[in-house]
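Written below as C-alpha cells is the structure these notes are about.
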Amino acid sequence: MSTQNKRVAVITGAAGGVGQSTVKKFAEHGYTVIGTDIRVPDGLFEHPEVSYRACDVTRESDWQALSDSVIADHEKLDVLVNNAAILMTYTIETSSVDDYKRMMEVNSTSVFLGMKFMLDALKKSDAASIVNISSSSALAGYPHFIAYGAAKAAVRSLTMSVAVHCQTNQLPIRCNSVHPDGILTDMTNNMEGTFPEMEPHQAMKAFSFACEPEAVTDVIYFLASHESRHINGAEIRVDNSSTIQMPYL
C-alpha cells in the first residue's frame, strides 16, 4: 500500500487500556496510527506504523498542533477515535462544582475540540470515520456517576449533531458513538470517589456486564471500516444488555 493510500488513525487516551488495545488493532490491520495521551509513558505498544505524542485534549493549541502535523505528514486523516477520559464517582450531594467542571472539560469538551480541529484533515479522506467513546451512563440514570454520565450524554449528542452536519453537507465523514458498561481497565479499578458497597450477589451481577478492552476495540474498528459504511449517527451499546434490564431480574 502506498503512503498516499495508507489509512491514518488518531487515537486519544492511547496510554490506557482501551487506547492501547485500539492502537494495536489498527496498527496490526495496516493503519498508520498516531496515539496521543496527556503523558506518554514508557512500555507502550510498539510497531513501525505507530507513533505517540503528548496532547492535552482540553487545550485548543494542542489540537491545532496535532491537526497541522497530521496534514503535513500524511495529507489526511481517515479515523479519529475520541477515547480520552477520566472517571469519578460522585452523587449530586458529594460532587463539587470543580469536579463537575473538570469532568465536562476532559470527557466532553475534548470531544468537541477533537472533531472541530481535526475536521479539515478528515475532509481530505475519501471515507473518514469519527468514533466517540461514550458510556452506558449516558443512556440511564446512574446517581453515583452524575458528572461522568452528564459528560458522556453530551458526547452522544455531539456525535449525532456532527453526523447530521457531515451528511447534510455531503462531507465524506461518518460519526458514531460507542457506549460500554464497565470496562476492565485501570481507570475503572482506580476511579476517584466513593462507590457504594455492594452485597456479593450485586457485585457478581455488576461484573457480568463488564468487558475486556478488546470488546470495545472490536466495535471501534468495525465503525471505522467499510463494512459499517451506512452506519452514521448511531449509538452502539457494548453493555451485555445492562441498559435494558428490568431492575428485578
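The values are calculated or read from the model by the stated rules, or taken from the named source; none is laboratory data. Note that this is a predicted model, so its numbers are computed, not measured. Quick reminder, even Gly has a Cβ in these numbers, built from the backbone with ideal geometry, and neighbours come from all protein chains shown. We work out accessible area using only protein heavy atoms, side chains counted, and drop any ligands, DNA or RNA first. Shrake-Rupley method; radii C 1.70, N 1.55, O 1.52, S 1.80 Å.
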Check your understanding: To the nearest 10 degrees, how steep is helix 146-168 against the longest Cα principal axis of the chain, on a 0 to 90 scale?
Key -> 30 degrees
Study note, to complete from the structure: Residue by residue through the range 89-94, the couplings from Karplus 6.51 cos²θ - 1.76 cosθ + 1.60 with θ = phi - 60°, in Hz, x for Gly and Pro, are 10, 9, 9, 4, 8, 9
Practice item. Consider just the alpha-carbon atoms of the chain and return their Rg together with their Dmax, both in angstrom. Key: 17.7, 56
**Study point:** Size of electric dipole in the range 62-142: Cβ of Lys, Arg +1 and of Asp, Glu -1, about Cα centre, debye, nearest 20
**Key:** 180 debye
Revision key, fill the gap. By accessible area (1.4 Å), largest first, PHE145, PHE26, PHE222 order as PHE222, PHE145, PHE26
Point to revise | Theoretical ellipticity at 222 nm over the chain - DSSP helices of four or more residues, -39500 (n - 2.57) apiece, nearest 500 | key: -12000 deg cm²/dmol
Exercise for review: Please name whichever of LEU77, ILE183, SER95 sits farthest to the positive end of the charge dipole of the chain, dipole taken about the Cα centre and charges placed at Cβ: Lys and Arg +1, Asp and Glu -1.
Suggested key: LEU77
Exercise for review: Output the antiparallel fraction of DSSP beta bridges having both residues in the range 1-104, as a percent to the nearest 5.
Suggested key: 0 percent
Exercise for review: Excluding ASN232 itself, calculate the net charge of residues whose Cβ lies under 15 Å from the Cβ of ASN232, where each Lys or Arg counts +1 and each Asp or Glu counts -1.
Suggested key: +1
Practice item. Count the net charge of all other residues whose Cβ sits under 14 Å from the Cβ of ARG53, scoring Lys and Arg as +1 and Asp and Glu as -1. Key: -3
Point to revise | Average accessible area per residue (Å²) across the chain - probe 1.4 Å, nucleic acids and ligands excluded | key: 51 Å²
**Study point:** Alpha-carbon Debye profile of the range 59-114, log10 I(q)/I(0) at 0.23, 0.29, 0.31 Å⁻¹
**Key:** -0.92, -1.18, -1.24
Point to revise | Fraction of accessible area attributable to carbon and sulfur, the chain (%, probe 1.4 Å) | key: 53 percent
